[in-house]
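Let me begin by presenting the structure, written as structure tokens, before commenting on it.
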Amino acid sequence: MATRDSMDNLMQKCEDAIRYAQNQYRESSLQQQYNNDDYTKALQGLEETYQDIATMAHSANSQQREQLHRMRLQLQQVQNTMILQ
């Protein structure tokens, strides 16, 4: 079973990655030319966090896996939105 602290830390990391990615998406939507480095960094952060979720799911109980699954869906949604832009 994953510890509560490790789950809390991962959830915080996910929220931070999503928030950063959404900010980069907003900035790129407002500008004709956006900062490719920051945009790419945001996408990489989402992917790294996605991989961390997959790793954590191996040691999580059923309730934690459900929470991880919901967060994974949020990450995928932001990733897809950014990729399609």
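Any read-out appearing in this document is the output of simple, stated calculations on the displayed coordinates, not a laboratory observation. Note that this is a predicted model, so its numbers are computed, not measured. Glycine gets a Cβ as well: all are built from the backbone with ideal geometry, and neighbour counts include every protein chain shown.
Some points to look at:
- Candidates ALA42, ALA17 - the one that is assigned to a helix (DSSP H, G or I) and touching a Leu at 6+ places or on another chain (Cβ under 7 Å): ALA17
- Of the residues making up the range 56-85, just one is in a helix (DSSP H, G or I), hydroxyl-bearing (Ser, Thr, Tyr) and touching a helix residue (DSSP H, G or I) at 6+ places or on another chain (Cβ under 9 Å), namely THR81.
- Checking LEU10 against (1) free of Cβ contacts under 8 Å to residues at least 24 places away in the same chain; (2) farther than 17 Å from GLN77 by Cβ; (3) surrounded by 13 or more Cβ atoms within 10 Å (Cβ to Cβ), the condition it does not meet: (1)
- Yes/no for GLN63 being loosely packed, with under 13 Cβ neighbours inside 10 Å, closer than 24 Å to MET82 by Cα, over 16 Å from the mean Cα position of the chain (by Cα) and without any contact (Cβ under 8 Å) to a residue 60 or more places away in the chain: no
- Subset tally (residues that are surrounded by 14 or more Cβ atoms within 10 Å (Cβ to Cβ) and either touching a Cys at 6+ places or on another chain (Cβ under 9 Å) or in contact (Cβ under 8 Å) with a residue 24 or more places away in the chain (or both)) for the range 13-31: 10
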